[in-house]
1. Quick check on segment 32-67: of everything there that is charged (D, E, K, R) and part of a strand (DSSP E or B), which residue is farthest from Gln81 (Cα to Cα)?
2. Just to check your reading of the model, which residue among Lys172, Lys115, Lys183 is under 19 Å from the mean Cα position of the chain (by Cα), under 26 Å from Ile61 (Cα atoms) and of a type in the set (D, E, K, R)?
3. Determine whether Ser22 is open to solvent by less than 20 Å² (accessible area, probe 1.4 Å) and part of a strand (DSSP E or B).
4. Kindly indicate whether any position in segment 136-143 is touching a Ser or Thr at 6+ places or on another chain (Cβ under 8 Å), within 25 Å of Ile242 (Cβ to Cβ) and of a type in the set (Lys, Arg).
5. What pairs can you find where one residue is in segment 35-55 and hydroxyl-bearing (Ser, Thr, Tyr), the other is in a strand (DSSP E or B) and open to solvent by less than 20 Å² (accessible area, probe 1.4 Å), and their Cβ atoms are less than 6 Å apart, with a gap of 6+ or different chains?
6. Test Lys106 against the stated conditions and say whether it is farther than 28 Å from Ser142 by Cβ and in contact with a Leu (Cβ under 6 Å, 6 or more places away or on another chain).
7. Could you list, in sequence order, all residues of segment 176-231 that are surrounded by fewer than 17 Cβ atoms within 10 Å (Cβ to Cβ), of a type in the set (Gly, Ala, Ser) and closer than 16 Å to Met138 by Cα?
8. Considering only residues of segment 256-267 that are modelled with pLDDT of 95 or more and open to solvent by 50 Å² or more (accessible area, probe 1.4 Å), which is nearest to Ala72 (Cα to Cα)?
Amino acid sequence: MNTKYPHFGLMLVNDSKIVFTSYLLDHKEKLKRFQGNPILTIFEGTAVGSGNVQNISPIEIDPDQKIFYITAATLSPKGDQLYITTMFEGKDVDDDNFQIKVGEFKTGVGWTNFKELPFCNPKYSYAHPAISKDGKTMYFTSNIGGGKETTKGGSDIFKVDILGNGEFSEPKNLGSKVNSYSKEMFPFISADNTLYFASNRPNGFGGFDIYRSKMNVDGTFEKAEKLPKPINSSEDDFSLIINSVNKSGYLSSKRDGGKGDDDVYYFTLN
């Protein structure tokens, strides 16, 4: 699975399918390009008992959608919607800002009819969607500003209620027990409503570290705690996902001993 190119943006679907982001390669293992730029897209593979990921292939996206740069994605629990992070389009948009789109699958075409989520404002950036197991809540990273719940650091974790029929609640910042004055990225909500995410806040092991915060019965979150080694290392660690029985999972890391850039690692819990 791992190569000299980065692999990140992990999402787990029904404990059996892994979705991740990497560069698209040709048959000579060279980067495929569109208008001179490398194509960053999403892949899927089957997770087997040993932790290996098999049958890896690019997720089929309608080429007419002209989406050639995707940094993260996740499927809805029913598998009928694909949420992706891609760049905003238009002349008056900040090149550094991203949006979340949702598409549907059509046989023979692939994922198509992508629509920008209605709460995405080109003034801000929205990325790394993660959906709760009941399909009712989406967590994501953003730098939304203004008001009491303005983003404190470079990016915070927010949530919206998924209301159906393409409608969502207004984004809500998860607050200071989760977010910090640094960057929070790549949220994942487990089956037992534990939020895992990465942050480069002070007092970590180095770079980005993985934290977790348990949800209370009222929907608020407890103070986030840093996960110990060997989950975290002195390099960047992020994109942790864990199966529904909290026994095994995967993460991305730039730790020593990898194949190059961000590699995917499998872990089990004692």
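The values are calculated or read from the model by the stated rules, or taken from the named source; none is laboratory data. As the structure is a prediction and not an experimental result, all values here were calculated from the model. Glycine also receives a Cβ, built like all others from the backbone with ideal geometry; neighbour counts cover every protein chain displayed. When the accessible area is computed, the model is the full protein with side chains, heavy atoms only, and any ligands, DNA or RNA have been set aside. Shrake-Rupley method; radii C 1.70, N 1.55, O 1.52, S 1.80 Å.
1. Ranking the qualifying residues of segment 32-67, first place goes to Arg33.
2. Lys115
3. When the stated conditions are applied, Ser22 passes them.
4. No.
5. From residues that are hydroxyl-bearing (Ser, Thr, Tyr), the pairs are Thr41/Ile70.
6. no
7. Selection gives Ala191, Gly219.
8. So the residue we want is Tyr265.
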